[in-house]
């Protein structure tokens, strides 16, 4: 089901895209992983597995996005030839890291089970009807992934993982900038109200919280426990550990700035809105662990 590039040269365009991103998985020295440091937190490794599942499933909704923006050659080409291969590289890189640290973990089996549950969620009906609103919603996704990877990076000590997470986070920031630029492009003629944009941001935020990470974490945990006693924690305890990590490490100030940006608030309103967002985020996370 992997989508081919628009010009039919997927391999060549993927290579160019990954070189443009400034890093390639093949150039990373995974043999340099400090195993004792890598094994310090089972919750982190399960979160990396969950993230690898989601990133590796990019192809399930990439074709929907390209179809949604059919007729806009600039957007469709960037999605297929840059965004998708870079997201898939994130999945491969996270998988490679986890496989080095947990060689006994059957990633393929766990991923196949994850895909069965995740595929039905990746439908055209999940997209915003207006193209500009979908671009605003994509800004929410990139805000979430950037915040997640920076939070993990701030929490861990293993050098190879920190480098990998920096690469991925930088990609997500760059993707965000593209989506935001396209949002503004569509706003010039769609002129969605601020209320409509806010609704799109809220809907996508709720979907991410309810679906993506929790589904990935559930299947990562199931495989980790399958036929062994590798973990003594329950799934709820793992969830609590992950939430505690985010509570202590997520860059709330950065996330608030990114999340609010599509609302294009006036300067006098933006700072108070950021403060409200930050206070709401801290209050929410205080109840997580």
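The values are calculated or read from the model by the stated rules, or taken from the named source; none is laboratory data. All values reported here derive from a predicted model rather than from experimental measurement. All Cβ positions, glycine included, derive from the backbone under ideal geometry; neighbour counts span all protein chains shown.
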Query raised in the report: Within region 133-154, can one find any residue that is over 27 Å from residue 192 (Cβ atoms), in contact (Cβ under 8 Å) with a residue 12 or more places away in the chain and more than 16 Å from the chain's Cα centre (by Cα)?
Result: yes
Requested in this report: Confirm whether residue 220 is more than 22 Å from residue 46 (Cα to Cα) and crowded, with 21+ Cβ neighbours inside 10 Å.
Outcome: no
Query raised in the report: Just to be sure, is residue 166 without any contact (Cβ under 8 Å) to a residue 60 or more places away in the chain, within 30 Å of residue 104 (Cβ to Cβ), touching a helix residue (DSSP H, G or I) at 6+ places or on another chain (Cβ under 6 Å) and in a helix (DSSP H, G or I)?
Result: no
Query raised in the report: Yes or no: residue 208 within 28 Å of residue 39 (Cα to Cα) and part of a helix (DSSP H, G or I)?
Result: yes
Report task. Could you tell me which of the residues 191, 261, 204 is in contact with a helix residue (DSSP H, G or I) (Cβ under 9 Å, 6 or more places away or on another chain) and over 20 Å from residue 175 (Cα atoms)? Result -> 191
Query raised in the report: Residue check: is residue 53 touching a helix residue (DSSP H, G or I) at 6+ places or on another chain (Cβ under 7 Å), at pLDDT 95 or above and over 30 Å from residue 246 (Cβ atoms)?
Result: no
Query raised in the report: Do we have residue 221 as in a helix (DSSP H, G or I), touching a helix residue (DSSP H, G or I) at 6+ places or on another chain (Cβ under 6 Å) and at pLDDT 85 or above here?
Result: yes
Requested in this report: For region 149-191, enumerate the residues that are surrounded by fewer than 20 Cβ atoms within 10 Å (Cβ to Cβ) and over 29 Å from residue 96 (Cα atoms).
Outcome: 180, 181, 184, 185, 187, 188, 189, 190, 191
Requested in this report: Output the residues belonging to region 242-275 that are surrounded by fewer than 18 Cβ atoms within 10 Å (Cβ to Cβ) and over 23 Å from residue 198 (Cβ atoms).
Outcome: 243, 244, 248, 249
